[in-house]
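Here the structure comes first, spelled out in structure tokens, and everything after it is commentary.
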Ligand code: HEM
């Protein structure tokens, strides 16, 4: 086994095994700066996904054909690319959560007793509650996958007194594929489900409101004349995602969709 000689200024040379040397990537994630940069970059990646996902979902306003064709394209025409994208999304989702939780625990461990003068520390409510808004969004994503991707809904009321499972909701044009339009409309007709989605969107709004500008700050871009612009950009992203997603839920309640589900 190879070894390296380490010289300490106040001690004799010591032999250190190379096994103790940590790979660069691991050392990078383990350092606070590396973890913060990774949380910032993965956070911006997840934000980009959320924006594109919302834009795609807004096709529900154009009717069943538009949203179903879009869903079929993503799910059945991309082949291997879909699985590469899913694996990438899962990896950055897990990295973001793991490193953000560890940074929070470390900073709490470093200061177990709160500041004597909390008013002197410039931290907003949204920044101090990032871990909680993030936890709500994370739990929402798990629920959402069970709801729309895995179709674990067995009891959806498609007409007064007529219940079916989501897997039975097939596209009238392509009976082999799911009728995503009906899944969305039937789903949000259920009051508790609509309420749960809206609450999750409030948590997502708060998380993005602080998260987007904080990511730019970590990357050293929120300085000088860009400071105000980045604060506004963070607000614009959070508000757009909130209005788009809540708009889809509200659309069901206000009867905005052109055709009723079968
Ligand atoms: C009202 C808001 C939303 C609607 C109507 C909606 C709708 C959908 C639908 C229909 C699918 C399944 C697509 C399919 O399998 O054919 C899906 C998948 C997904 N959604 Fe959403 N979504 C919403 C908000 C969100 C938010 C806020 C997030 C994340 C923060 C999110 C994350 C995901 C993920 C990760 C998937 C899985 C993608 C995949 O299968 O690879 N969604 N969504």
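Observations on the model:
- Among the conditions (1) modelled with pLDDT of 95 or more; (2) surrounded by fewer than 13 Cβ atoms within 10 Å (Cβ to Cβ); (3) more than 17 Å from residue 237 (Cβ to Cβ); (4) more than 10 Å from the ligand (Cβ to nearest atom), residue 22 misses just one, which is (1).
- Candidates 95, 58 - the one that is in contact with a helix residue (DSSP H, G or I) (Cβ under 7 Å, 6 or more places away or on another chain), within 11 Å of the ligand (Cβ to nearest atom) and modelled with pLDDT of 95 or more: 58
- Cross-chain or 6+ apart pairs with Cβ under 7 Å, the stretch 45-60 first and under 17 Å from residue 205 (Cβ atoms) and free of Cβ contacts under 8 Å to residues at least 60 places away in the same chain, then assigned to a helix (DSSP H, G or I) and near the ligand (Cβ under 7 Å from one of its atoms): 49/89
- Candidate set: the stretch 153-165, residues that are surrounded by 11 or more Cβ atoms within 10 Å (Cβ to Cβ) and assigned to a loop (DSSP other than H, G, I, E, B); chosen: the one farthest from the ligand (Cβ to nearest atom): 154
- Any hit, the stretch 231-251, residues being under 30 Å from residue 173 (Cα atoms) and without any contact (Cβ under 8 Å) to a residue 24 or more places away in the chain: yes
- Filter result for residue 195 (more than 24 Å from residue 61 (Cβ to Cβ), surrounded by fewer than 18 Cβ atoms within 10 Å (Cβ to Cβ) and modelled with pLDDT of 90 or more): no
Residue-wise test of (1) surrounded by 12 or more Cβ atoms within 10 Å (Cβ to Cβ); (2) at pLDDT 85 or above; (3) within 11 Å of the ligand (Cβ to nearest atom); (4) in a helix (DSSP H, G or I).
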position: 78; (1), (2), (3), (4): yes, yes, yes, no
position: 115; (1), (2), (3), (4): no, no, no, no
position: 137; (1), (2), (3), (4): yes, yes, yes, yes
position: 151; (1), (2), (3), (4): yes, yes, yes, no
position: 167; (1), (2), (3), (4): yes, yes, no, yes
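- For the stretch 117-130, filtered to residues that are exposed (fewer than 15 other Cβ atoms within 10 Å of the Cβ) and in a helix (DSSP H, G or I), the residue that is modelled with the lowest pLDDT is 120.
- Looking across 200, 146, one residue alone is surrounded by 14 or more Cβ atoms within 10 Å (Cβ to Cβ) and under 21 Å from the mean Cα position of the chain (by Cα). It is 200.
The values are calculated or read from the model by the stated rules, or taken from the named source; none is laboratory data. Keep in mind the model is a prediction, meaning the values are calculated, not measured. Ideal geometry is used to build each Cβ from the backbone, glycine not excepted, and the neighbour counts take in all protein chains shown.
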